[in-house]
Amino acid sequence: MIGFGAYLDQPLLVVDDEAPIRRAISRYLEKVGYEVIVAADAAEARLELQRRPIALALCDIDMPGESGLSLVHHIVTDHPDTAVMMVTGVDDPGVAQVALDRGAYGYVIKPFERNELVINVANALRRRSLELASRASHAELERLVDERTEEVRRSREELIQRLAWAADCKDPETASHLRRMSLYSELLGRLAGLDANRCELLRLAAPMHDIGKIGIPDEILTKPGRYTDEDREVMKQHPLIGHRILEGSESELVQLAALVALHHHEWYDGRGYPRGVAGDNIPLEGRIVAIADVFDALTTERRYKPAMTVEDAFALMFEEAGHFDQKLLDLFVAAVDEIDEIRSRFLDVATAAT
C-alpha cells in the first residue's frame, strides 16, 4: 500500500520541546510514508527551515524561548511555501483562532489519535498543494499578461514609426531622424520635469510631428534646393494637416501626437506657424519637440545643406533667441553628453558633422 507521503519530496518538521511527543509524532507520520525531521524549539526550527525546503511544520505553542505562535508568523512571512499546523496541549478557542489568523492550516489538541493527526496532516498538505498550484498559475498568468502587454507595446510603437515613416518617405531626409528626435524629446521632457509616463508618451508621439507632410504635394517635398516663398506657404500647412489627421482620438498618445503636430513650428516669440501662438501658450511638449526637431535638422545633412557641428548648432539656436523657450534650450544644451550618446547610437553614415 502506498503511504500518504510517497510522492512528497520535502520533509515534515516536528517542533516540540518534549522528546516523547516528538518521537510519537515522528513515528506516526513515518509509518504512512512521510520523511520527518525534528526540532526541540523555535530556534532549532529556524535553522532547519534555512537548511532545506520544508513541506509542513507541526508546531507546539508553549516552548522555552520563542513561542509557537511567533514561529508561525516567521514561517508564513519568510517561508511562504511551508504549511504550518499547530499540535498543542493548549485547548483554548481564542488561541486557536489566533493561530489560524496567523496562517496555521490546522489546530490539533493533545492528546490525539494517530488517525486524527494523519488526516489533519494530509488535509494541510493538500491545501498547501492547491495553494502552490494556484500561486504558480497566477504567476504564469501574470507572465503571459506582461508578455502580451509588451507585445502590444512593441506593435503600437512599430505602427507609430511606420506611420511616421510614411510621411518621411515623401520627404527623405536622414534615415534615423525620427529615432533621434524622439529620444531628444524624451530626454528634454525628463529634464523639464515631466513624469516617466508622459516622457514615454512624448517619445512615441514625437515621430508623428510631421505626419501632415502626407498632404503636401510631392513636387514640393522632393524639390531639390531651397524653397520659394510660395513653396514655404504650402509647407506651412503641414502642421494643420497633421492635426486634422490625428485630432479627435480618445487615445492619450494620439491626443499628444495631435498637439505636437500642431505646435512644433510655433515660435516662443509668436512669429511661428500655423497660428502664431507665443510663450507658454505653446504647450510644453510642442516647445520640446521644436528644439529636438531643429537641433537634429541642423546637425544632419539635408538635400539643401551640409550638417553643422553640435557646437555650431547650439550657437545658432541661441542666436535665434525668439524661436525657442530659453529655459528648455538651456536644459537641452546642458545635457550634451546624453545628446552625444543618442547621436552615436543613431548616427547616419556620412551625414553628420563631427
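Fewest Cβ neighbours within 10 Å first, please rank Met308, Met85 accordingly.
On the way: Met308 19, Met85 23.
With the sparsest Cβ surroundings first, the list reads Met308, Met85.
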Study note, to complete from the structure: Taking a straight Cα-to-Cα line shorter than 20 Å from Lys31, and setting aside same-chain aspartates and glutamates fewer than 8 residues away, one finds Asp9, Asp16, Glu113, Glu116
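Based on the mean of other beta carbon atoms within 10 Å per residue, what is the order of 220-227, 310-317, 286-293, most packed first? Please report the intermediate quantities before stating the final value.
Working: 220-227: 12.2, 310-317: 15.9, 286-293: 25.6.
Taking the mean over residues of other Cβ atoms within 10 Å, the ranking is 286-293, 310-317, 220-227.
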Practice item. Rank these for me by crowding, Lys213, Lys31, going from fewest to most other beta carbons within 10 Å. Key: Lys31, Lys213
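If the chain between Glu35 and Asn123 were fully stretched, how many nm would it gain, using 0.36 nm times the residue separation less the Cα-Cα distance?
On the way: separation 88, 0.36 × 88 = 31.68 nm, distance 1.67 nm.
Once the chain is fully extended between Glu35 and Asn123, it gains 30.0 nm.
Can you give the Rg to Rh ratio for region 246-354, taking only C-alpha atoms and Rh from Kirkwood?
Values: Rg = 14.8 Å, Rh = 14.9 Å.
Reported Rg/Rh, Kirkwood definition of Rh: 1.00.
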Exercise for review: Among Gly270, Gly94, Gly103, determine the one that fluctuates most according to a GNM of the chain built with springs between C-alpha atoms less than 10 Å apart.
Suggested key: Gly94
**Study point:** For the chain, projected area of the alpha-carbon convex hull averaged over all directions, nm²
**Key:** 27.5
Revision key, fill the gap. In whole angstrom, the spacing between the Cα centers of region 73-102 and region 121-154 equals 25
Exercise for review: Calculate the dipole size of the chain relative to its Cα centre from +1 charges on Lys and Arg beta carbons and -1 charges on Asp and Glu beta carbons; express the result in debye to the nearest 20.
Suggested key: 800
**Study point:** Estimated FRET transfer efficiency when R0 is 41 angstrom, pair Leu47-Glu147 (beta carbons, to 0.05)
**Key:** 0.55
Practice item. Quote the charge dipole size of region 12-141 about the Cα centre in Debye, to the nearest 20; the model charges only the Cβ of Lys and Arg (+1) and of Asp and Glu (-1). Key: 480
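Given region 12-141, report the % of alpha carbon pairs whose separation exceeds 25 Å. Walk me through the numbers before you get to the answer.
On the way: 1500 of 8385 pairs.
Tail fraction, whole percent: 18.
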Exercise for review: Return the single residue from Phe112, Phe332, Phe324 with maximal mean-square fluctuation; model: Gaussian network over the chain, springs between Cα atoms under 10 Å.
Suggested key: Phe112
Revision key, fill the gap. With the charge dipole of region 12-141 built from beta-carbon charges (+1 for Lys and Arg, -1 for Asp and Glu) about the Cα centre, the Cα from Ala39, Leu29, Val87 projecting farthest to the positive end belongs to Leu29
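What number, in percent, do you get for the relative contact order of the chain if the mean sequence gap of Cα pairs under 8 Å and at least 6 apart is divided by its residue count?
Averaging sequence separation for qualifying contacts and normalising by length gives 11 percent for the chain.
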Practice item. For Lys213, list the lysines whose Cα falls under 21 Å from its own Cα; do not include residues on the same chain fewer than 8 positions away. Key: Lys170, Lys223, Lys236, Lys305
Practice item. Out of all DSSP beta bridges with both ends in the chain, state the antiparallel percent to the nearest 5. Key: 10
Revision key, fill the gap. Using alpha carbon centers only, region 241-293 is separated from region 194-212 by a whole-angstrom value of 11
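Mind sorting Leu194, Leu187 by how few other Cβ atoms lie within 10 Å of their own Cβ, fewest first? Mind dumping the intermediate values first?
On the way: Leu194 18, Leu187 22.
Listed from fewest to most nearby Cβ atoms, that is Leu194, Leu187.
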Point to revise | GNM flexibility winner over the chain from Ala297, Ala24, Ala257 (Cα, springs under 10 Å) | key: Ala24
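Quick note: the coordinates plus some simple rules give every number you see, no bench work behind them. In this text the structure is predicted, and so the values were computed from the model without any measurement. Because the Cβ atoms are built from the backbone with ideal geometry, glycine has one as well, and the counts that use them run over all protein chains shown.
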